[in-house]
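Have a look at the structure below before the remarks.
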Amino acid sequence: DTGVSQNPRHKITKRGQNVTFRCDPISEHNRLYWYRQTLGQGPEFLTYFQNEAQLEKSRLLSDRFSAERPKGSFSTLEIQRTEQGDSAMYLCASSRTPRTDEYEQYFGPGTRLTVT
Amino acid sequence: EDKVVQSPLSLVVHEGDTVTLNCSYEVTNFRSLLWYKQEKKAPTFLFMLTSSGIEKKSGRLSSILDKKELFSILNITATQTGDSAIYLCAGVTNSGYALNFGKGTSLLVTP
């Protein structure tokens, strides 16, 4: 399968614990994005990388959240001291650097986080 | 603040019906509008619209953008139960990174 993959698919954690998610983008894509989706809402942008550089972070990304893409390939999203409000689906997407009209992003299956 | 609003939020139709889903947007430095279909997992890409008035078509699905009135519609003809999903639209700016999604339209097609 050459699509975007994410691990784990589900994570249940207790409040206050740290969690880390992984995303492997489509191999020829140099842009990688993280979004968060809660029930009844569309995905909300969190952050994005161009190769290994993190170029933009949403104000939704509090200090407890950190994302890395160390070699410009896979990325990790870590949430420290989880809170119940962090319960959501975390989606990763990838794309080529847009030229002309290539803006489509391709999404992975997501990691569903439940904080108890 | 950028805003993307979809209507209706939910819709129930019978197989064979035609549906029209609406998306209006206010996006600074707007470049394109994208439509995605989301079943129980990841959103899957349907269309990207950049030019006004040019219809994009894929099988029973079609979509068009009106940049003057700032909206787009997604049409599905001869609906099937497999069309049941949440349909999301998103605006993207000239910088081309963050997709600004609406809340989605939840479509249920009954047999």
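Given the condition touching an Asp or Glu at 6+ places or on another chain (Cβ under 6 Å) and among the hydrophobic types (A, V, I, L, M, F, W, C), answer yes or no: does some residue in segment A:74-88 qualify? It would help to see each step written out before you state the result.
Let us first name the residues in segment A:74-88 that are touching an Asp or Glu at 6+ places or on another chain (Cβ under 6 Å), namely A:74, A:76, A:79.
Narrowing the set further to residues that are among the hydrophobic types (A, V, I, L, M, F, W, C) leaves A:74, A:79.
Yes; the residues of segment A:74-88 include at least one that is touching an Asp or Glu at 6+ places or on another chain (Cβ under 6 Å) and among the hydrophobic types (A, V, I, L, M, F, W, C).
I'm trying to understand the selection: among the residues of segment A:26-46, which are in contact (Cβ under 8 Å) with a residue 12 or more places away in the chain, part of a loop (DSSP other than H, G, I, E, B) and surrounded by 15 or more Cβ atoms within 10 Å (Cβ to Cβ)?
Step one: filter segment A:26-46 for residues in contact (Cβ under 8 Å) with a residue 12 or more places away in the chain, giving A:26-38, A:43-46.
Subsequent filtering for residues that are part of a loop (DSSP other than H, G, I, E, B) retains A:26-30, A:38, A:43.
The answer is A:26, A:29, A:30, A:43.
Name the one entry in B:82, B:91 that is crowded, with 20+ Cβ neighbours inside 10 Å, at pLDDT 90 or above and not aliphatic (A, V, I, L, M).
Working: B:82 fails: crowded, with 20+ Cβ neighbours inside 10 Å.
Just one listed residue meets the conditions, B:91.
Of the residues B:9, B:21, which is more than 11 Å from chain A (Cβ to nearest Cβ) and either of a type outside the set (A, V, I, L, M, F, W, C) or more than 17 Å from residue A:95 (Cβ to Cβ) (or both)? Break it down stepwise before answering.
Details: B:9 fails: more than 11 Å from chain A (Cβ to nearest Cβ).
Just a single option satisfies the conditions, and that option is B:21.
Mind listing whichever residues of segment B:57-111 are small (Gly, Ala, Ser), in a strand (DSSP E or B) and either more than 9 Å from chain A (Cβ to nearest Cβ) or in contact with a Ser or Thr (Cβ under 7 Å, 6 or more places away or on another chain) (or both)? Write out each step before concluding.
Keep residues of segment B:57-111 that are small (Gly, Ala, Ser), which gives B:58-59, B:62-63, B:72, B:78, B:82, B:84-85, B:90-91, B:95-96, B:98, B:102, B:104, B:106.
Within this subset, residues satisfying the condition of being in a strand (DSSP E or B) are B:58, B:62-63, B:72, B:85, B:90-91, B:106.
The answer is B:58, B:62, B:63, B:72, B:85, B:91, B:106.
The values are calculated or read from the model by the stated rules, or taken from the named source; none is laboratory data. This one's a predicted model, so the numbers in the text were calculated from it and none came from an experiment. Glycine also receives a Cβ, built like all others from the backbone with ideal geometry; neighbour counts cover every protein chain displayed.
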